[in-house]
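What follows is a single structure, written as structure tokens, with notes after it.
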Amino acid sequence: MNTTVSSPLFSVLIVDDDPTFRRGLAASLKTSGYSVDVARNAPEALQYVRERPVDIVLLDINMPEIGGLEACHRMRAIAPRSGILMLTVRDAEDDKVQALGAGADDYITKPFRLRELIARMGAVRRRTGTGAALPGPVLRAGHLELELEHRILRKAGKEIHLSPKEFELLAFLMQHKDVPITHARLLRTLWGQEYGNEPDYLRSYVKALRKKIEDNPGSPEYILTEPWVGYRLRDPHDPNGSPTELVAPAGGHEDDL
């Protein structure tokens, strides 16, 4: 029986310098119903996105010449509406934070299952496909000012660049100021119902966001950890707000979940 879908689900560009990996992944995704092109390196990929639209870019983090992180920076400027999913063999938290800071919408660690990759791509596509602006007013907390319609964050009047997912995470927390939000609720609201059991994944995004908005990311004033629960945003200038310091349970850590 022919399992190929008659019309492509959406377009995918695979960027990886390993020809065996490129061919295998491209064949699997084409069989699953996607329109797939490949690029051997970052210069080819950047030229590709300059010339035509693409829904999802699967971008390897380790490539010669121009690395994946630099390619992601450049690609985000060229194709702001394309979803970028970083492929990495490294599982260190700092590598994940760097990928998100470069503008990636998501990341996945090799080796991965095709079903997991397709779920991640679908979640990224749902978030980036409409291009719709978030409704609502300007949100404020302390020196932060988040302009939802134009997707702009300013701190003390200075604009701060956020990746699409960092913006959505901060907007959701600011819309629920002083309310503890569980990890599962954050993951399912912002990433989709197939998420909910990836606390380390969420921690990487929070760490990246703290580096951009906190004066001292190691002692945050805005995004606070609710030990074993989730996160809460507070206004450090609000005398009626919740206390800044939260103590983890015995034997725990500020970022324990």
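Quick query: amide H of Ile160 versus all other amide H atoms, modeled in the peptide plane; which residues come in under 5 Å with a sequence gap of 5 or more or a different chain?
Distant-sequence amide H within range of Ile160: Leu153, Arg154, Lys155.
With +1 on the Cβ of every Lys and Arg and -1 on the Cβ of every Asp and Glu, and nothing else charged, how large is the dipole of the chain about its Cα centre, in debye rounded to the nearest 20?
Numbers: 34 positive and 37 negative charges, 169 e Å.
Dipole magnitude for the chain comes out near 820 debye.
Pull up the DSSP beta bridges for the chain and report the antiparallel fraction as a percent, rounded to 5. Let's see the in-between values first.
Values: 17 of 35 bridges.
DSSP beta bridges in the chain are roughly 50 percent antiparallel.
Report, by chain and number, residues whose modeled amide H sits under 5 Å from the one on Ala39, excluding near sequence neighbours (fewer than 5 apart, same chain).
Ile14, Val15, Asp16
Tally Lys/Arg at +1 and Asp/Glu at -1 over every other residue whose Cβ is under 15 Å from the Cβ of Arg22; what's the total?
Working: positive: Arg23, Lys30, Arg40, Lys110; negative: Asp16, Asp17, Asp18, Asp37, Glu44, Asp60.
After counting each charged neighbour, the total is -2.
Which lysines, on any chain, are close to Lys211 with Cα under 19 Å apart, when same-chain ones fewer than 8 places away are left out?
Counting by Cα, and skipping residues close in sequence, Lys211 has these lysines nearby: Lys96, Lys155, Lys158, Lys165.
Just Gly230, Gly83, Gly24 to compare: in a GNM of the chain, with alpha carbon springs under 10 Å, which one fluctuates most?
The residue that fluctuates most here is Gly24.
Longest span of the chain, sites excluded, free of GluC sites (Glu not before Pro) in DSSP loop with at most 14 other C-beta atoms within 10 Å?
Values: sites that count: Glu65, Glu149, Glu194, Glu245, Glu254.
Longest run free of exposed loop sites: 66-148.
Around Arg52, what is the net charge, scoring Lys/Arg as +1 and Asp/Glu as -1 over all other residues with Cβ under 14 Å from its Cβ? Kindly include the intermediate steps, with their values, before the conclusion.
Details: positive: Arg50, Arg81; negative: Asp37, Glu44, Glu51, Asp55.
Result for the local shell: -2.
If you average the alpha carbon positions of the stretch 41-74 and of the stretch 162-233, how far apart do those two centres end up, in angstrom?
Cα centroid of the stretch 41-74 versus Cα centroid of the stretch 162-233: 28 Å apart.
Compute the length gained on full extension between Arg23 and Arg126: take 0.36 nm times their separation in residues and subtract their Cα-Cα distance, giving the result in nm to one decimal. Intermediate results must be reported in sequence, preceding the final value.
On the way: separation 103, 0.36 × 103 = 37.08 nm, distance 2.60 nm.
Length difference between fully extended and current span is 34.5 nm.
To the nearest 20 debye, what charge dipole does the stretch 138-233 have about its Cα centre, counting +1 at the Cβ of each Lys and Arg and -1 at the Cβ of each Asp and Glu? Show your work: numbers first, answer last.
Working: 15 positive and 14 negative charges, 22 e Å.
In total the dipole reaches around 100 debye.
Looking at the stretch 70-107, which trypsin sites (Lys or Arg not before Pro) are in a loop (DSSP not H, G, I, E or B) and have at most 16 other Cβ atoms within 10 Å? Could the numbers behind the result be given before it?
Values: sites: Arg74, Arg76, Arg81, Arg90, Lys96; in loops: Arg81, Arg90.
Answer in residue order: Arg81, Arg90.
If I take every Cα pair under 8 Å that is 6 or more residues apart in the chain, average their sequence separation and divide by the length, what percent do I get for the relative contact order? Don't skip to the end; give the middle numbers.
Numbers: 421 pairs, mean separation 30.3, N = 257.
Relative CO of the chain lands at 12 percent.
Based solely on its DSSP helices, what 222 nm [θ] is calculated for the chain when runs of n ≥ 4 H residues each add -39,500 (n - 2.57) and the sum is averaged over all residues, nearest 500 deg cm²/dmol?
Working: 8 runs with 93 residues, N = 257.
Computed mean residue ellipticity for the chain: -11000 deg cm²/dmol.
Rule-based calculations on the coordinates, nothing more; no lab input. It should be emphasised that the depicted structure is a prediction, and the values quoted were computed from it without experimental measurement. FYI the Cβ positions are ideal-geometry reconstructions off the backbone, even for glycines, and counts take in every protein chain you see.
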